[in-house]
Amino acid sequence: MRLALIGVGQAGGKVTEAFLEYADRTDSDIVVDALAVNTAKADLLGLDRIPVSKRLLIGTDRVKGHGVGADNELGADIAAADSEVVMDAVAGMPSHEIDAFLLVAGLGGGTGSGVAPYLAKELRRRYEEPVYGLGLLPGKDEGGIYTLNAARSFQTFVREVDNLVVYDNDTMASGTDSLAGGFARANEELARRFGVLFAAGETDGSAVPEQVVDASEIINTLGSGGVSTFGYASSPIERKRGLFGGKGRPDVSDATPRILALVRQATLGRLTLPCEITSAERALVVVAGPPEMLSRSGVEKARSWLEEATGTREVRGGDFPVPDADEVSAAVLLSGVSDIPRVKELQAIAIETQRSMREVSETADDRLSDLLWSGDGELKPLF
Ligand SMILES: Nc1nc2c(ncn2[C@@H]2O[C@H](COP(=O)(O)OP(=O)(O)OP(=O)(O)O)[C@@H](O)[C@H]2O)c(=O)[nH]1
């Protein structure tokens with residue numbers, strides 16, 4: 001699947017660059033073009049793979065390049081005023097090569113969470129290709145304003161995209177390094193894992209899959225509307241010693257059970273957004289690795305298992321041969337999921353935060369409560 005990537009806000013820009021790094025390293029063709037959009041000049045200066053001409057600073061008349069300081073209403077207002085800057089840059093992309101747009105944004109801050117949903121709306125209005133979101137949820141320890149931002153952005157973003165794929169920062173593997181180091185590792189891991197899914201149908205012809213996962217399989221799995229989560233698992237392979245010191249053939253004796261075990265692990269392990277898997281409407285599985293290890297019956301069995309585990313008959317699947325790989329991996333996309341504890345929790349905390357803000361604002365400033373609070377006690381979308 002060939003993507004036009006648009007990274008919005010600081011996190012969105014960094015994750016987009018991680019995708020570019022993955023595509024370069026694996027020589028894969030998944031990124032047609034990439035833009036970074038921000039209200040903070042410093043964040044754009046911190047990028048290094050996206051060319052300067054494709055780093056777009058918006059809202060300069062309102063915030064003078066200093067960012068919106070976690071105010072996502074301001075982010076959405078700026079997007080409404082300045083979206084043309086982004087749409088002009090998108091119009092310069094080779095649209096005939098693009099299978100889909102992917103907007104990447106952290107939903108806890110102000111820029112990504114406010115601007116990305118508005119750009120999704122504009123892109124869907126102008127282009128036939130599907131527009132997907134990759135939304136990063138803030139960790140539980142990030143505080144009230146991040147949670148409130150994420151809850152409001154989430155409901156607006158879901159409404160505006162064809163599908164919102166979610167990555168919860170709380171699922172990030174914990175390490176002992178700094179926050180920045182932790183994010184860099186998480187972004188690399190995220191790009192590598194999603195990369196397998198998007199790159200599966202874009203092989204250069206040197207190794208042909210038995211069951212191709214092309215762009216339409218991914219598009220049909222994502223569907224139109226809803227939320228997706230993603231799981232991944234891998235295991236190293238043993239190779240017999242190769243002639244002349246080259247890579248030898250892998251040991252294929254356990255190829256079939258290994259695939260089934262990996263798909264189970266990917267589905268039942270650490271999903272990017274933990275959810276009740278039986279609430280999924282559709283699923284897609286990609287098994288990647290050396291071609292000898294990609295047993296057709298393994299992939300078939302894994303698909304049947306996934307049908308049973310999720311209770312949906314709409315399960316697609318295929319293989320992605322990577323001749324030199326030192327591992328076999330399984331990527332599982334669950335789409336149309338609805339039973340998501342973290343989203344319920346996010347909304348509950350956000351409503352509580354709003355309620356306390358409302359109590360303060362009723363004595364201090366009624367305008368604020370009207371902005372955040374709809375008459376029926378629900379969170380207001382951003383626009
Ligand atoms: N996965 C991931 N999350 C990140 C990264 N950087 C920041 N975040 C998360 O993104 C949220 C903050 O969003 P940012 O992108 O920094 O903020 P912004 O959209 O630029 O908005 P403002 O800074 O308020 O203008 C927080 O919830 C962070 O946890 C990153 O590199 N990777």
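Each part reduced to its alpha carbon centroid, segment 234-277 and segment 82-146 end up 34 Å apart.
For segment 215-335, what relative contact order do you get, as a whole percent, if you take Cα pairs closer than 8 Å and at least 6 residues apart?
Working: 240 pairs, mean separation 46.4, N = 121.
Over segment 215-335, the number comes to 38 percent.
Once the Cα-Cα distance is subtracted from the 0.36 nm per residue extended length, the D170 to V85 segment shows a gain of 27.2 nm. Please find, in a Gaussian network model of the chain (springs between Cα atoms separated by less than 10 Å), the residue of T312, T39, T272 whose mean-square fluctuation is greatest. So, out of T312, T39, T272, the one fluctuating most is T312. When the listed pairs K121/K380; K14/K54; K344/K380; K41/K64; K14/K380 are checked against a 20 Å cut-off, the alpha-carbon distance exceeds it for K14/K380.
If R₀ is 45 angstrom, what is the calculated FRET efficiency for the pair R239 and E314, using the beta carbon separation as r and rounding to 0.05?
Values: r = 36 Å, r/R0 = 0.81.
It comes out at approximately 0.80.
Near S83: Cβ cut-off under 13 Å, other residues only, Lys/Arg at +1 and Asp/Glu at -1. The net charge is -2. The phi-based Karplus calculation (6.51 cos²θ - 1.76 cosθ + 1.60; θ = phi - 60°) puts the 3J(HN,Hα) values of segment 88-103 at 4, 5, 5, 4, x, 7, x, 5, 5, 8, 8, 8, 6, 9, 10, 9 Hz, whole numbers, x for Gly and Pro.
Cross-link partners of K247 among lysines, defined as those whose alpha carbon lies under 30 angstrom from its own and excluding same-chain residues fewer than eight positions apart: K301. Toward the positive end of the charge dipole of the chain, with +1 on the Cβ of Lys and Arg and -1 on the Cβ of Asp and Glu, the farthest Cα among I145, A215, G246 is that of G246.
For segment 224-304, the set of GluC sites (Glu not before Pro) satisfying both a DSSP loop assignment and a count of at most 14 other C-beta atoms within 10 Å is given as E238, E276. For the peptides 208-219, 157-168, 15-26, the ranking by mean Cβ contacts within 10 Å, running from highest to lowest, is 157-168, 15-26, 208-219.
The label point for K344 and the one for K41, both projected 7 Å from the Cα toward the Cβ, are 4.8 nm apart. Residue by residue, segment 308-313 carries 3J(HN,Hα) couplings of 5, 5, 9, x, 10, 8 Hz when phi is fed to the Karplus relation 6.51 cos²θ - 1.76 cosθ + 1.60 (θ = phi - 60°); x denotes Gly or Pro. Between F198, S329, A76, the Cα set farthest toward the positive side of the dipole of the chain (charges on each charged residue's Cβ, about the Cα centre) is that of S329. For the chain, the mean residue ellipticity at 222 nm estimated from helices alone is -14000 deg cm²/dmol, where every DSSP H run of n ≥ 4 contributes -39500 (n - 2.57) and the total is divided by all residues, rounded to the nearest 500. Summing Cβ point charges (Lys, Arg +1; Asp, Glu -1) relative to the Cα centre of the chain gives a dipole of roughly 540 debye. Normalising the average separation of contacting C-alpha pairs (under 8 angstrom, six or more residues apart) by the number of residues puts the relative contact order of segment 3-199 at 23 percent.
Using the Cβ-Cβ distance between D27 and N220 with R0 set to 25 Å, the FRET efficiency from 1/(1 + (r/R0)^6) comes to roughly 0.40.
A short reminder: the numbers here are calculations on the coordinates, not readings from a lab. Just so we're clear, the structure is a prediction, and the values are computed from it rather than from any experiment. FYI the Cβ positions are ideal-geometry reconstructions off the backbone, even for glycines, and counts take in every protein chain you see.
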